[in-house]
Amino acid sequence: KQEVTQIPAALSVPEGENLVLNCSFTDSAIYNLQWFRQDPGKGLTSLLLIQSSQREQTSGRLNASLDKSSGRSTLYIAASQPGDSATYLCAVKEGNNRLAFGKGNQVVVIP
Amino acid sequence: GAGVSQSPSNKVTEKGKDVELRCDPISGHTALYWYRQSLGQGLEFLIYFQGNSAPDKSGLPSDRFSAERTGGSVSTLTIQRTQQEDSAVYLCASSLLVGHISDTQYFGPGTRLTVL
């Protein structure tokens with residue numbers, strides 16, 4: 001059974017610092033990996049999707065890398081802002097179309 | 001519609017009652033998914049629809065849980081004889097490119113279920 005782990009579970013950083021969020025998964029047979037953002041009381045917003053054949057994806061201040069062989073992904077958020085405060089979820093898609101999620105990184109950016 | 005919608009947004013019920021949760025996917029999306037997010041837990045897959053059929057029901061936690069989808073669109077998740085451990089946020093998602101490596105699932109805002 002696929003297990004997805006996110007470290008750290010929670011972190012606080014001063015505004016302007018770069019954020020580094022880590023995700024690991026146990027089974028490398030994945031279709032893709034997605035990073036989502038979840039705000040309190042809201043649904044999930046997809047941030048980046050990395051196909052299994054890709055190494056990284058970038059969108060604005062966000063960059064996500066994927067090392068499928070070692071079962072790891074990292075989400076970098078440059079020059080963090082208070083509006084980046086949220087829970088970030090990592091999910092891997094397997095051949096059965098379901099997503100397996102980690103428990104999330106809860107981020108607080110301090111103004 | 002512009003996105004996935006779910007209703008109700010909040011539901012409080014008494015133990016033993018039945019509840020129905022509704023999901024309206026993005027128009028044209030053939031795949032629909034139900035997940036559950038319990039306090040302190042990650043999102044847990046429940047069931048997946050391709051059109052009106054459910055190829056994968058393996059995530060449903062017990063036979064009290066069932067789901068259907070009609071017209072390749074709206075889906076209803078039904079929980080019978082609710083228990084306190086059913087309290088969670090139930091999230092619905094839909095996607096267009098089933099099985100494709102760039103397939104993205106789009107999530108609704110969820111229904112928060114509280115069983116007293």
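FYI, it's all coordinate maths here, none of it is from the lab. Since the model is a prediction, treat every value here as computed from it, not as a measurement. Counting neighbours? That spans all protein chains shown, and the Cβs are built from the backbone with ideal geometry, glycine included.
Listed values, structure above:
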item	result
Alpha carbon centroid spacing (whole Å) that separates the range A:82-111 from the range B:1-75	20
Two-site FRET efficiency, A:Asn63 against A:Thr26, from Cβ-Cβ distance with R₀ of 22 Å, rounded to 0.05	0.40
Relative contact order, percent, chain B [alpha-carbon distance under 8 Å, six or more residues apart]	36
Residue-count net charge about A:Phe25 - beta-carbon cut-off 12 Å; Lys, Arg +1, Asp, Glu -1	0
Counted charge near B:Leu91, where neighbours are those whose Cβ lies closer than 12 Å (Asp, Glu -1; Lys, Arg +1)	+2
Cross-link reach list, aspartates and glutamates versus A:Lys1, counting only Cα pairs under 16 Å and skipping chain neighbours closer than eight places	A:Asp27, A:Glu94, B:Glu44, B:Asp56
Cα-based convex hull, the protein assembly as shown, per residue volume (Å³, whole number)	118
For chain A: Kirkwood Rh in Å [reciprocal of mean 1/r, alpha carbons]	13.9
Surrounding net charge for A:Lys68, when Lys and Arg each add one and Asp and Glu each subtract one, Cβ distance under 11 Å	0
Size of charge dipole - the protein assembly as shown - debye, nearest 20, with Cβ of Lys, Arg +1 and Asp, Glu -1, no other charges	200
Farthest toward positive dipole pole in chain B [+1 Lys/Arg, -1 Asp/Glu at C-beta], among B:Ser66, B:Thr111, B:Gln50	B:Thr111
Under 5 Å, built H, 5+ apart or other chain: amide partners of B:Thr114	B:Lys11, B:Val12, B:Thr13
Whole-Hz couplings from phi, Karplus 6.51/-1.76/1.60, listed for the range A:45-60; x for Gly and Pro	10, 6, 9, 8, 10, 10, 5, 4, 8, 9, 9, 7, 9, 10, 8, x
Cα→Cβ-extended label distance, 7 Å offset, between A:Ile7 and B:Ser58, nm	2.8
